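Here is the structure we will look at, set down as structure tokens.
The values are calculated or read from the model by the stated rules, or taken from the named source; none is laboratory data. Computed from a prediction, not measured in an experiment: that's the story for all the values here. Methodologically, a virtual Cβ is constructed for each residue, glycine included, from the backbone with ideal geometry; neighbour enumeration extends over all protein chains shown. Heavy atoms of the whole protein, side chains included, go into the accessibility calculation; ligands, DNA and RNA do not. Shrake-Rupley method; radii C 1.70, N 1.55, O 1.52, S 1.80 Å.
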Amino acid sequence: MDKSTDELMKILRSKPDADNFLKENENELIHYSLPELLQQYLTSKNLKKSDVIRDSYLDRTYAYQIFDGKHKPSRDKLLCLAFGLHLTVDETQRLLNTAQVSRLYPRIKRDILIITCLEKKIKIIACNDMLETNGEPILQ
């Protein structure tokens, strides 16, 4: 994946139909499942599921089911996992895209606070404190 999302959108708009776009940009498409991406993150960051789940503050059984692909998690559950996995903002956006939920958007107050916490590598508990202080729903 070398092209930005904006570049892909411009290319898509310039094509007469989706078939041409798909053929020419096959290597830019997402070809993995959420459990596969989660496993990639575990491996690349040398983390254990149990540690990630502990750091995400998700219910243990439910979190394991997300890793196994037995549950389609909500956006907030994915964001909790992002904190547990110590993801960057870009990695978190990729996680959200793969799960087909909305990305973090820097025009929404809650998302701005979450982005800031991810950027500064703040733990989820401190992020929830910041969210609550600013009148926003916590991650849970």
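If a cysteine in the chain has no other Cys Cβ under 4.7 Å from its own Cβ, put it on the list, ordered by number.
Here 80 come out as lacking a disulfide-compatible partner, given the Cβ-Cβ threshold of under 4.7 Å.
With a 1.4 Å probe and all protein chains left in place, how much accessible area per residue does the chain have, in Å²?
62
Run the numbers on the chain and let me know its relative contact order in percent, using alpha-carbon pairs under 8 Å that are six or more apart.
20
For residue 10, give me every one of the lysines with a C-alpha distance below 27 angstrom, ignoring sequence neighbours fewer than eight places off in its own chain.
Hits, sequence-local ones excluded: 23.
With θ set to phi - 60° and the Karplus curve 6.51 cos²θ - 1.76 cosθ + 1.60, what are the ³J(HN,Hα) couplings of the range 17-32 in order, to the nearest whole Hz, using x for Gly and Pro?
7, 5, 4, 4, 4, 4, 5, 6, 10, 3, 6, 9, 8, 7, 10, 9
Give me the dipole magnitude in Debye, nearest 20, for the range 1-137 about the Cα centre, with unit charges on the beta carbon: positive for Lys and Arg, negative for Asp and Glu.
Value, rounded to 20: 320 debye.
Here are a few candidate values for Rg and Dmax of the Cα atoms in Å: (i) 19.5, 65; (ii) 16.5, 49; (iii) 14.2, 44. Which one was actually calculated from the structure I just gave you?
Of the listed options (i) 19.5, 65; (ii) 16.5, 49; (iii) 14.2, 44, (ii) comes from this structure.
Just to check I understand the Karplus step: with θ = phi - 60° and J = 6.51 cos²θ - 1.76 cosθ + 1.60, what whole-Hz values come out for the range 120-136, glycine and proline as x?
8, 6, 7, 5, 4, 4, 5, 5, 4, 4, 5, 4, 5, 4, 9, x, 10
Per-residue HN-Hα couplings for the range 71-83, Karplus 6.51 cos²θ - 1.76 cosθ + 1.60 at θ = phi - 60°, whole Hz, x for Gly and Pro?
10, 9, x, 6, 4, 5, 5, 5, 5, 4, 5, 4, 5
So if I take the centroid of the Cα atoms in the range 95-130 and the same for the range 10-66, what is the distance between those two points in Å?
Measuring centre to centre over Cα atoms gives 17 Å.
Would you work out what percent of the accessible area of the chain, with all protein chains in place, is carbon or sulfur (probe 1.4 Å)?
50
Positive end of the dipole of the chain, charges at C-beta (+1 Lys, Arg; -1 Asp, Glu), about the Cα centre: which of 124, 30, 102 has its Cα farthest in that direction?
Checking the options against the dipole of the chain, the answer is 124.
How long are the three semi-axes of the equivalent ellipsoid of the range 9-89, in whole Å, if each is the root of 5 times an eigenvalue of the C-alpha gyration tensor, listed from largest down?
They are 32, 13, 12 Å, listed largest first.
Mind checking the angle between helix 109-119 and the chain's longest principal axis? C-alpha axes, 0 to 90 degrees, to the nearest 10.
It is inclined by approximately 80 degrees.
So how much slack lies between residue 74 and residue 29, counting 0.36 nm per residue of separation and subtracting their Cα-Cα distance, in nm?
Residue separation times 0.36 nm, minus the Cα-Cα distance, leaves 14.0 nm.
By per-residue mean of other Cβ atoms within 10 Å, what is the highest-first order of 67-78, 13-24?
The densest-packed peptide leads the list: 67-78, 13-24.
Near residue 15, which aspartates and glutamates are there with a Cα under 18 Å away, not counting those fewer than 8 places off in the same chain?
By straight Cα distance, residue 15 reaches 6, 7, 24, 26, 28.
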